[in-house]
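Report on the structure given below.
The values are calculated or read from the model by the stated rules, or taken from the named source; none is laboratory data. As the structure is a computational prediction, the values presented were derived from the model and not from experiment. Here the Cβ positions follow ideal geometry from the backbone for every residue, glycine too, while neighbour counts run over all protein chains shown.
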Amino acid sequence: MAWRAQLRPASFRGVPFKVDGDELAAGRRVQLHEYPQRDKPFVEDLGRAARKITVTGYVIGPDYMAGRDRLLAALEQAGPGDLVHPQFGTLRVAVGGDCRVAHSADEGGLCRFSLSFIEAGELSFPAGTANSPAQTRLKADALSTASAADFAKAFGVDGYADFVRDGAMRDLTTAVSLAERVLRGGGAGASSLLSGLLGDADRLFGSPWALAQRVLGLIRSFTATGGGGGSATTSAATAWTGVARSSPAARPVAALLQVASYTAPAPTYARATPARQQQAANSTALAALVRQSALVHAAEVTAAAEWPVHQEVIAARDELAARIDAETLRPDVPDDTFRALTDLRVAVVQDLTARSAGAARLATVTPTAVQPSVVLAYDLYEDAARGDDIVARNRVAHPGFVPPEPLKVLT
């Protein structure tokens, strides 16, 4: 196609005119920095410069005056408009500076224009987005505060018979021992943190708020030092679709959710006296504290963790939300704690759902024959370095001999 056939009829805001010539100024916005006693300057790039267009045109014909007036009205109209440029097509522009109109006695029936335009762009502002992991941590802190306040109201041993204190000690030992066993897997030195708590129990019983903070701190410590390595945790985590095989947060979250299902031992005594009633209330309060502390820390772990696989983050989200739901359905949950649990559930679901959008998905692949993991990784991704991920995710016994069985791989 000849170049003349590709030129478009010029117009502005729908008013046509003829074009003699045009210029377009483009480039970058820069700031030149020149320093004393330094021969070389520094140029700071501030972004693309606004395009400026200059057009020289005219309207001609027996009714040129009507065309001139329509073009003048279009030029004086407020706001940006559409300029159909012969070379660059339709552009959104604003009139920039003065536009000149010229008449000549030698050119009757013709009016010349000198037009200046600047690309209009758009008025935009930085868009704020919620920091969903931070929101989850804030809601977890709120639940921690509400849970500690509930415990401080319900727990008490002062002014009661010694068996109330002894029962509280047994309940505390049972609950925290279970948490330690699940979260640390019974490794070496597993009783050191628990021993420290029990050694301070007499003092902490007089300050239930401090005891609640100590229990939450212990659950965090158990998770940090053990990572949820117990065998019971493995079976719980593998119930998630591949979670236990790849995501670093899977085992601690699965272990914490197991602790969050803890219930107080059924009382073996009749709650016929105020002392026995307080003993039962202490047992119930300790169990609720341990459960809710585990939920608090599970939410904190999910917020801090990287979730590379879509199915894994969705599974973690659903499991944690279900456990929070189970806690809210308990009949003895106070209103403030109910609201804190509900807010935490909303924050967890929003956070993990948002972060799942960019996560890779798992697919099932069956190799045609026994082959090294690096070969399979290169066939799938053209990246032999990803063979270790295939081996770890599918618990292949030897990376040099990947069996021809269904394997979970990232897409």
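Run Tyr64 past the list (1) within 54 Å of the chain's Cα centre (by Cα); (2) surrounded by 13 or more Cβ atoms within 10 Å (Cβ to Cβ) and report the number of the one that doesn't hold.
Condition (1) is where Tyr64 drops out.
This table checks each residue for (1) exposed (fewer than 12 other Cβ atoms within 10 Å of the Cβ); (2) assigned by TED's automatic domain parsing to the domain that holds Asp332; (3) of a type in the set (Asp, Glu).
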site: Glu76; (1), (2), (3): yes, no, yes
site: Leu83; (1), (2), (3): no, no, no
site: Thr90; (1), (2), (3): yes, no, no
site: Val93; (1), (2), (3): no, no, no
site: Gly96; (1), (2), (3): no, no, no
site: Arg100; (1), (2), (3): yes, no, no
site: Gly108; (1), (2), (3): yes, no, no
site: Leu115; (1), (2), (3): no, no, no
site: Phe125; (1), (2), (3): yes, no, no
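When you go through (1) surrounded by 13 or more Cβ atoms within 10 Å (Cβ to Cβ); (2) at pLDDT below 95; (3) farther than 17 Å from Ile219 by Cβ one by one for Glu306, which number turns out not to apply?
Failed condition: (1).
Among all residue pairs at least 6 apart or on different chains, which show Cβ distances below 7 Å where the first residue, located in the range 147-166, is in contact (Cβ under 8 Å) with a residue 60 or more places away in the chain and the second is assigned to a loop (DSSP other than H, G, I, E, B)?
Close Cβ pairs (under 7 Å, with a partner that is assigned to a loop (DSSP other than H, G, I, E, B)) amount to Asp150/Pro334; Val164/Val157.
Is it the case that the range 341-354 has a residue that's among the basic types (Lys, Arg) and modelled with pLDDT under 90?
no
When you scan the range 25-126 for strands (runs of 3 or more DSSP E) that lie fully inside it, which ones turn up with 1 or more residues that are touching a residue at least 24 places away in the same chain (Cβ under 8 Å)?
It comes to 52-60, 81-85, 89-95, 100-102, 110-119.
Looking only at helices (runs of 4 or more DSSP H) that fall completely inside the range 334-411, which ones have 3 or more residues that are farther than 30 Å from Gln292 by Cα?
Correct list: 373-381, 387-394.
If we keep just the residues of the range 11-30 that are among the acidic types (Asp, Glu) and surrounded by fewer than 15 Cβ atoms within 10 Å (Cβ to Cβ), which is nearest to the chain's Cα centre (by Cα)?
Glu23
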